[in-house]
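What follows is a set of notes on a single structure, which appears directly below.
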Number of protein chains: 2
Amino acid sequence: MAEKKKRGRPRTFERDRAVSRALDHYWREGPLALSVNEFCRRMGMSKPSLYREFGGEDGLLAEALDRYWGSVLAPIAALLGPDRSFAESTEALIAFASDPGDTPKGCLLAKSRGTRDRLGPAAGARVDELARALRNAYEAVSRRGQERGEVRSDINSEFAARYLDTQVTTALHKVAAGEDPDEVRAQTELALTALLPS
Amino acid sequence: MAEKKKRGRPRTFERDRAVSRALDHYWREGPLALSVNEFCRRMGMSKPSLYREFGGEDGLLAEALDRYWGSVLAPIAALLGPDRSFAESTEALIAFASDPGDTPKGCLLAKSRGTRDRLGPAAGARVDELARALRNAYEAVSRRGQERGEVRSDINSEFAARYLDTQVTTALHKVAAGEDPDEVRAQTELALTALLPS
DNA sequence: ATATTTACGTACTTATTGGTACAATAAATA
DNA sequence: TATTTATTGTACCAATAAGTACGTAAATAT
């Protein structure tokens, strides 16, 4: 890998930093809140830069979603591993949903899913991907829970996964909307008891 | 109340019809989907008319919400009367949520609540009012259910009402997003079993 | 008829939108 | 030093946004 000298003007665009700041803005205010103009103004980048580097708002959001998965959701999914009981897994999920702890409120994926139809093709596809990956994790948790007798065995594990997804997403939306995290936590805990054996 | 002859040019503006069409548009596409320009174009009214009669988009949406309450939500709330068992009431709610039957999909109030913060002052206040009225109905249902032993007695009836509200609103959002009504119905039914005595 | 009062909508303003042409810049090469 | 190639952002475009000044229409009153 020789350091081939390139011929033209050297790149100064900080792509990584741009994606980070984009993620922050999208996460904080939702993926549709900002116009491209305002976006570039706040990011301190020129509009042609955005179109050149990301092909537009759609591409930028898609990349921000990728980073969100890597830095937030993948670690969460890892918390749902087979070494944990169903109760521990749901506890971790509820803790994540009712209080992410770190920077912005709510979940970028949840916010994006809420406006799925108004997203561009690239971001839309990314949202579907991430949602599916998350649901796969939910399904694994549900199935293991059923095998261990920790979850009602008379419901389909895919249905249970979708139910889990619904409830967690609802919790995330409520927290993002500013509702009391303790209330959200309590409601989500109640909702998940519906999955337990009677 | 004598029919006093008014002095100026007679009114030709069809206020009632305007509100009806506004309700239809808001209901179908959500309260923030249309610009004032596009709105007036579709309604066949001039912009000054809208500002004169309703004070702007905010006032128009507020009035549309009023009509929505009168024509849709109040009848629903009436279905939750004391003559029905808890199971019958929730059944009616789920039927409403998972398939409104008539014209547009979803619930205008649910859609409006989802974007509560971006609404104008009048519409925002109306949304709060209607949501509160609905929750009062939910609380009455919950409390009666508890008195009859149809609902877990170890949870606060206000909390149960908020839970009911959450689950019904979630169902409405999902139907509005185009999800399969049968799936939504099944998930909502499961969620509401959490309120039943064990 | 003329003036007065009320209702209405054309046509305008200013600001912002998504999107891009093109000139300026900065390096390697000749 | 001049040329070529690559990168960047100023400065523009047409379309549309929210909001309103003002002239016209249609009735009653004088």
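Inter-chain Cβ neighbour count for A:186-195, averaged per residue, equals 5 (cutoff 10 Å, partner chain atoms only). The Cα atoms of the stretch A:1-82 give a gyration tensor whose axes a ≥ b ≥ c have a/c of 1.5 or more with a/b no greater than b/c, which makes the shape oblate.
Using the Cβ-Cβ distance between A:Glu129 and B:Asp24 with R0 set to 35 Å, the FRET efficiency works out to roughly 0.45. At an R0 of 30 angstrom, the distance between the Cβ atoms of B:Lys47 and A:Ser35 translates into a FRET efficiency of 0.85.
With a cut-off of 13 Å on the backbone N, the residues of the stretch A:14-45 near the modelled label site 7 Å out from A:Lys105 along Cα-Cβ are A:28-30.
Subtract the Cα-Cα distance of B:Ile155 and B:Ser71 from 0.36 nm times their separation in residues, and report this length gain in nm to one decimal. Provide the component values of the computation, followed by the final result.
Numbers: separation 84, 0.36 × 84 = 30.24 nm, distance 3.29 nm.
Extra length available between B:Ile155 and B:Ser71 comes to 27.0 nm.
Projecting label points 7 angstrom from Cα along Cα→Cβ for B:Thr12 and A:Lys5 puts them 7.8 nm apart. Across chain A, the longest piece that holds none of the trypsin sites (Lys or Arg not before Pro) lying in DSSP loops with up to 11 other C-beta atoms within 10 Å covers A:12-147.
Tell me the label-point distance for the pair A:Arg118, A:Glu183, using the 7 Å Cα-to-Cβ offset, in nm and rounded to one decimal. About 2.5 nm separates the two model spin labels. Between helix A:181-193 and chain A there is an angle of about 50 degrees, using the helix long axis and the longest principal axis of the Cα atoms.
From the Cα gyration tensor of chain B, with a ≥ b ≥ c the square roots of its eigenvalues, which class applies: rounded if a/c is under 1.5, or else prolate if a/b is larger than b/c, or else oblate?
On the way: a/c = 2.70, a/b = 2.01, b/c = 1.34.
Since a/c reaches 1.5 and a/b is larger than b/c, the shape of chain B is classed as prolate.
Where a number appears in this text, it was derived from the coordinates with a stated rule and is not lab data. Just so we're clear, the structure is a prediction, and the values are computed from it rather than from any experiment. Don't worry about glycine lacking a Cβ; one is built from the backbone with ideal geometry, like all the others, and counts go over all protein chains shown.
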